[in-house]
Amino acid sequence: MGFESALQIVHEDPAFVVVNKPSGFLSVPGRGPDKIDSVTTRVRMMYPGCIDHPAVHRLDMDTSGLIVVAIDAASQKNLSMQFERRETTKRYIALLEGVLEAKFGTIQLPFRLDIDHRPMQIYDEIHGKVGITHWKNLGVTAGRTRVVFTPITGRTHQLRVHAAHERGLGIPIVGDPFYGSGTGPGQMKLHACDLGFRHPTTGETLAFHCPPTF
């Protein structure tokens, strides 16, 4: 799914750029000519001298919000290590399909890739790796609950599984095509609203905020 609108740049730096990725848009190119358009593809086109593989981390195609992309190799390595070592800060806002009564908590669920239904993840106490997420209920409007997620780990589909699974919140995220009632890309209401990391060159602590449109 491509987007004709320009990529929204939140912050520019010689070492990196921070982008507000729309829901339904790829973070990195997928397989096939119809999946070339992505955040990193456009950053490479926009910034001459950008390295061939500038991705530092990813957001699911259906997730919107803040993503940082490196411009040079040293910055890519530095920022990637910050994410790998969990030295970054991330917060997400989501709308759930129903009413959540509880006010806050922490979810710890072991899950893994469902090899028969990629890229879906399934609960598995034996072979799964534990994902950890703190969450807070922000209120209910029109039968939908707004929550803030603070992931401690960075597993694939972690927030989506933690929201939908009965051992998590038990309520899917609105528009989720894998774990909820979404029917296509660009519908899911999960947004990376806050992102913090150290500047790869100066070491300065940086924090970025981008509110959701929902």
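The values are calculated or read from the model by the stated rules, or taken from the named source; none is laboratory data. Values in this document were obtained by computation on a predicted structure and should not be read as measured data. With ideal geometry, Cβ positions are generated from the backbone for all residues, glycine too; neighbour counts draw on all protein chains shown.
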message = Taking the conditions exactly as written (crowded, with 16+ Cβ neighbours inside 10 Å, outside any strand (DSSP E or B) and of a type in the set (Gly, Ala, Ser)), does Ser75 satisfy them or not?
response = yes
Residue check: is Gly175 in the same structural domain as Glu97 (by TED's automatic domain parsing) and either part of a helix (DSSP H, G or I) or surrounded by 20 or more Cβ atoms within 10 Å (Cβ to Cβ) (or both)?
-> yes
Going through the stretch 160-172 in order, the residues found to be in a loop (DSSP other than H, G, I, E, B) and within 17 Å of Asp114 (Cβ to Cβ) are His165, Glu166, Arg167, Gly168, Pro172
With criteria (1) touching a strand residue (DSSP E or B) at 6+ places or on another chain (Cβ under 7 Å); (2) part of a loop (DSSP other than H, G, I, E, B); (3) surrounded by fewer than 16 Cβ atoms within 10 Å (Cβ to Cβ), Thr201 comes up short on (1)
Counted residues in the stretch 24-58 being in contact (Cβ under 8 Å) with a residue 40 or more places away in the chain, under 18 Å from Gln187 (Cα atoms) and in contact with a Leu (Cβ under 8 Å, 6 or more places away or on another chain) come to 1
All conditions in (1) touching a His at 6+ places or on another chain (Cβ under 8 Å); (2) crowded, with 17+ Cβ neighbours inside 10 Å; (3) assigned by TED's automatic domain parsing to the domain that holds Gly98 are true of Pro212 except (3)
Exactly one of Asp52, Asp13, Asp60, Asp37 is of a type outside the set (Lys, Arg) and closer than 30 Å to Gly168 by Cβ, and that residue is Asp60
Gly186: passes all of (1) over 14 Å from the mean Cα position of the chain (by Cα); (2) at pLDDT below 95 but (1)
With criteria (1) over 18 Å from Gln158 (Cβ atoms); (2) modelled with pLDDT of 95 or more; (3) assigned to a helix (DSSP H, G or I), Ile51 comes up short on (3)
Residue check, Thr145 buried (at least 22 other Cβ atoms within 10 Å of the Cβ), hydroxyl-bearing (Ser, Thr, Tyr), at pLDDT 95 or above and more than 16 Å from the chain's Cα centre (by Cα): yes
The one condition Phe214 fails out of (1) assigned to a loop (DSSP other than H, G, I, E, B); (2) in contact (Cβ under 8 Å) with a residue 40 or more places away in the chain; (3) under 20 Å from Arg58 (Cα atoms); (4) not small (Gly, Ala, Ser) is (3)
Ala70 fails exactly one of (1) surrounded by 15 or more Cβ atoms within 10 Å (Cβ to Cβ); (2) closer than 22 Å to Thr213 by Cα, namely (2)
